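Trainee: Let me give you the structure first, and then I'll get to my questions.
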Amino acid sequence: MMTKKNVGGRYLLNTVATCLLFGAIMLVVESGLINRYMAMMLIPVGYNIILATSLNLSAGFLGQLPLGHAGFMSIGAYTCALFTMAVDMPAAVEFPLGLLIGGVAAALCGVIIGLPALRLRGDYLAIITLGFGEIIRVIILNLDFTGGAFGLKGIPKYTTIPVVFVCVVITIFAIHTLIKSRHGRAILSIREDEIAAEASGISTTYYKVLAFSFSAFFAGIAGGLYAHYLSILGPANFGFMKSVEILVMVVLGGLGSMMGSVVSATALTLLPELLRGFSEYRMIVYSLLLVIVMIFKPSGLFGRYDFSLGDSLGKIGSIFRRKKKPEQGGENDESDS
Amino acid sequence: MMSPILDVSHLGIDFGGLQALDDFNIQVDAKEIVGLIGPNGAGKTTVFNLLTNVYKPSRGSISLTGQDTRGKSIHAVTQSGIARTFQNIRLFRDLSVIDNVKIALHNGMKYTMAEAILRLPRYWKQEKESTATALKLLDVFNMAHLANEPAGSLPYGSQRRLEIARALATNPRVLLLDEPAAGMNPSETQELMDTIHHIRDMFDIAIILIEHDMSLVMGICERILVLNYGLIIAQGTPEEVRNNPVVIEAYLGQQRGE
Ligand SMILES: Nc1ncnc2c1ncn2[C@@H]1O[C@H](COP(=O)(O)OP(=O)(O)OP(=O)(O)O)[C@@H](O)[C@H]1O
Ligand SMILES: [Mg+2]
């Protein structure tokens, strides 16, 4: 079992690694090692990571398939944008506040949609969230204060690489720590066997709605980032295809693997940009990739594997120590490895 | 006189035209081990499904430690002191053995979601305590060394024992075991009998046991109820039941004829 000191060490390790990663990203961006266009691509990479990992909470860890993640994203996007445009506060105050409000608005919708859909056993969630995504889009299209079909314009460009980075780190940290708690185990138990979960004293409806709205919360945050990155919003950005795109990221990476979501969200955001000529065929590339992965590795690229820096370093360390031993003892254990 | 922990009266349920159970009465006291036997389709599992509110009774009432369980959800009934295993094993197969038990310890922990996400001291303290509790429970079943294995990878007999450990983790007053020895070999069955006695004494719980293995039922139950076509056709000590001609005809006779 893990000792307290060990745990503290891991926190330190992960914090240092996160800071190093941030330093490296900023260095690459600021030094002009990659062009400005590619540097700005890091922002979509970031909000797509947030969208994919949050959807994974619902689809991979809870085992319930929502098809309206873009709907929650749009609620966060519009709420956050309308808030920052309406109030007159310093950016450092109104943007985080707006993101939070956008997230909460999306989470509330998650509760409202989730309660009726998740009380029932079966695939009602997929159908209801599918409908929800479309309804939200149509509502936004027909309201005045959302700008209707013309959309919202002149949203302040607050979304910077550091802001996105911080949001990604918070999302991954929060979902990870949630999963590793009694609440997270309750969520996992529902995926494994709902009847056994109830019989073990877990309120399955409560934890389904909780996981689902938690997932919606982060979709809302991603929406806020998205709005203040593009500075224009239109209802067309949040169609059914966007929901499918996020779902593809999750399924490709592996349902139930945070690391898989991060890798495949990054790859699928950058890939179409790298293959510029192909960007129109993005959905075709996605579908093909999905078909290929489903044929050769149905559990996704990473299955349910998750990366742990502490464990990996520990393993590398032990390989290193094992390699060293023969030098000292003069014995050959190469056949072991 | 002490009131019984479990008091069931005139319980019955119909599935369409089929009367799966009728006029089922039972009082169970603390630390009793009661056997529930009967031919296939007699309604034994249905009794468990009614006691745990998986099914809604068509008639009759169930009172657990003096509380009527009517209208409670399944998890609420579990929390008020009844736990079960399943005839067709239902483990959280892809989760580790220890997580299977810790899921059932859920309501024993009190830290909030915010405390979990921020990893505040209460999270660490209660997680550590529940890990220790889970390991202690697994140890009762000689499974502590398997704590980190995926539950689905265990052999059949171990899966059945893990299910009992998980049920015990909910801290029940009444434990319902649905064919716990099914698929076990004779030595495993013998070991299970000892374990059942042991957990009864250790946790002060009442146990109701469905079982087809007559040596197990006769060996550890103080009292046996015999069901046939949804009705109690006999009850009494193992001795009385064994010699009851009605039972022999309905159940034991059927086996002798084989
Ligand atoms: N949900 C249900 N819907 C319809 N009929 C049911 C349902 N559950 C049980 N039954 C019927 O009720 C009767 C009793 O079933 P039950 O599972 O309780 O039998 P059992 O005594 O546990 O048998 P076995 O020894 O085979 O496990 C059977 O005829 C069964 O088909
Ligand atoms: Mg049965």
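The values are calculated or read from the model by the stated rules, or taken from the named source; none is laboratory data. Keep in mind the model is a prediction, meaning the values are calculated, not measured. In this analysis, Cβ positions are derived from the backbone assuming ideal geometry, glycine residues included, and neighbour counts consider all displayed protein chains. For the accessible areas, the whole protein counts, side chains as well, though only heavy atoms, and no ligand, DNA or RNA atoms are used. Shrake-Rupley method; radii C 1.70, N 1.55, O 1.52, S 1.80 Å.
Trainee: What is the average number of partner chain Cβ atoms found within 10 Å of a Cβ in B:93-105?
Mentor: 4
Trainee: Can you compute the FRET efficiency between A:M40 and A:F150 using 1/(1 + (r/R0)^6), with r the Cβ-Cβ distance and R0 = 22 Å? Round to the nearest 0.05.
Mentor: That pair, A:M40 with A:F150, gives E of 0.35.
Trainee: Still on this structure, please answer the following. What are the ³J(HN,Hα) couplings of region B:142-156, residue after residue, when phi is run through the Karplus curve with 6.51, -1.76, 1.60 and θ = phi - 60°? Round to Hz, x for glycine and proline.
Mentor: 6, 10, 4, 6, 9, 3, 9, 6, x, 4, x, 8, 6, x, 3
Trainee: When a/c is below 1.5 the answer is rounded, else prolate if a/b is larger than b/c, else oblate, so apply that to region B:61-141 with a ≥ b ≥ c taken from the square roots of the Cα gyration tensor eigenvalues.
Mentor: Here region B:61-141 falls in the oblate category.
Trainee: Distance between the C-alpha centers of region B:1-61 and region B:97-151? Whole Å please.
Mentor: 32
Trainee: Would you please give the FRET efficiency between A:L108 and A:S31, computed as 1/(1 + (r/R0)^6) with r the Cβ-Cβ distance and R0 = 41 Å, to the nearest 0.05?
Mentor: 0.45
Trainee: Looking only at other chains, what is the average number of their beta-carbon atoms within 10 angstrom of each beta-carbon in B:79-88?
Mentor: 2
Trainee: Remind me, relative contact order of chain B in percent, using alpha carbon pairs under 8 angstrom and six or more residues apart?
Mentor: 26
Trainee: Using Cα pairs closer than 8 Å and at least 6 residues apart in sequence, work out the relative contact order for region A:34-316, in percent.
Mentor: 33
Trainee: Something else about it: Summarise the accessible area of region A:34-316 (1.4 Å probe, protein heavy atoms) by the percent that is carbon and sulfur.
Mentor: That share works out to 72 percent.
Trainee: When the Karplus curve 6.51 cos²θ - 1.76 cosθ + 1.60 is applied with θ = phi - 60°, which whole-Hz ³J(HN,Hα) does each residue of region B:228-233 get, with x for Gly and Pro?
Mentor: With the stated coefficients, region B:228-233 comes to 8, 6, x, 10, 6, 9 Hz.
Trainee: By how many degrees, between 0 and 90 and to the nearest 10, does the Cα long axis of helix A:91-119 differ from the longest principal axis of chain A?
Mentor: Between the helix axis and the principal axis of chain A, the angle is about 90 degrees.
Trainee: Follow-up question, since we're still on this one. Rounding to the nearest 10 and keeping the result within 0 to 90°, find how far the Cα-based axis of helix B:121-140 lies from the longest principal axis of chain B.
Mentor: Orientation of helix B:121-140: about 40 degrees from the principal axis.
Trainee: Continuing with this model, one more query. Take the Cα atoms of chain B, find their three principal axes, and give me the spread along each one in whole Å, biggest first.
Mentor: Answer, in whole Å and largest first: 64, 41, 40 Å.
Trainee: Under 13 Å from the Cα of B:K31, which aspartates and glutamates turn up, not counting those fewer than eight places away in the same chain?
Mentor: Once the sequence-local aspartates and glutamates are set aside, what remains near B:K31 is B:D201, B:D204, B:E222.
Trainee: Can you give the FRET efficiency to the nearest 0.05 for B:N185 and B:V246, using r as the Cβ-Cβ distance and R₀ = 30 Å?
Mentor: 0.40
Trainee: For n ≥ 4 DSSP H runs only, could you compute -39500 (n - 2.57) per run for chain B, divide by its residues and tell me the 222 nm figure to the nearest 500?
Mentor: When only DSSP H runs of four or more count, the value is -11000 deg cm²/dmol.
Trainee: Roughly how big is the B-A contact, given as buried accessible area in Å² (both sides, 1.4 Å probe, nearest 100)?
Mentor: Chains B and A together bury approximately 2900 Å².
Trainee: What shape does the protein assembly as shown take by its C-alpha gyration tensor, where a ≥ b ≥ c are the square roots of the eigenvalues and a/c under 1.5 counts as rounded, a/b above b/c as prolate, and the rest as oblate?
Mentor: Verdict is prolate for the protein assembly as shown.
Trainee: Of B:L227, B:L118, B:G152, which is farthest on the positive side of the dipole of region B:6-252, counting Cα position, with +1 on Lys and Arg Cβ, -1 on Asp and Glu Cβ, and the Cα centre as origin?
Mentor: B:L118
Trainee: For the residue pair B:K125 and A:K157, what label-to-label distance in nm results when each label sits 7 Å from Cα along the Cα-to-beta-carbon direction?
Mentor: Placing both labels 7 Å along Cα→Cβ, they lie 5.1 nm apart.
Trainee: Which is the longest stretch in chain A that no exposed loop site breaks, taking sites as trypsin sites (Lys or Arg not before Pro) with a DSSP loop state and at most 13 other Cβ atoms within 10 Å?
Mentor: The segment A:158-337 is the longest one with no such site.
Trainee: Then there is this: Points 7 angstrom from Cα along the Cβ direction at A:N14 and A:V285: gap in nanometres?
Mentor: Rounded to a tenth, the inter-label distance reads 3.2 nm.
Trainee: Using a 10 angstrom cutoff on alpha carbons, build the Gaussian network for chain B and name the most mobile of B:A83, B:A132, B:A20.
Mentor: Top of the fluctuation ranking is B:A132.
Trainee: So, one more: Treating only the Cβ atoms of Lys and Arg (+1) and Asp and Glu (-1) as charged, compute the dipole magnitude of chain B about its Cα centre; round to the nearest 20 debye.
Mentor: The calculated dipole for chain B is roughly 980 debye.
Trainee: Sticking with this structure for a sec: Place a point 7 Å from the Cα of B:H198 along the Cα-to-Cβ direction; which residues of region B:218-243 have their backbone N under 18 Å from it?
Mentor: Label zone hits: B:220-221.
Trainee: Mind checking the full-extension length gain between A:V169 and A:A91? Use 0.36 nm per residue of separation minus the Cα-Cα distance, one decimal, nm.
Mentor: Gain in length upon complete extension: 26.0 nm.
Trainee: Can you compute the helix-only [θ] at 222 nm over chain A? Use -39500 (n - 2.57) per DSSP H run of at least 4 residues, normalise by all residues, nearest 500 deg cm²/dmol.
Mentor: The helix-only estimate for chain A comes to -24500 deg cm²/dmol at 222 nm.
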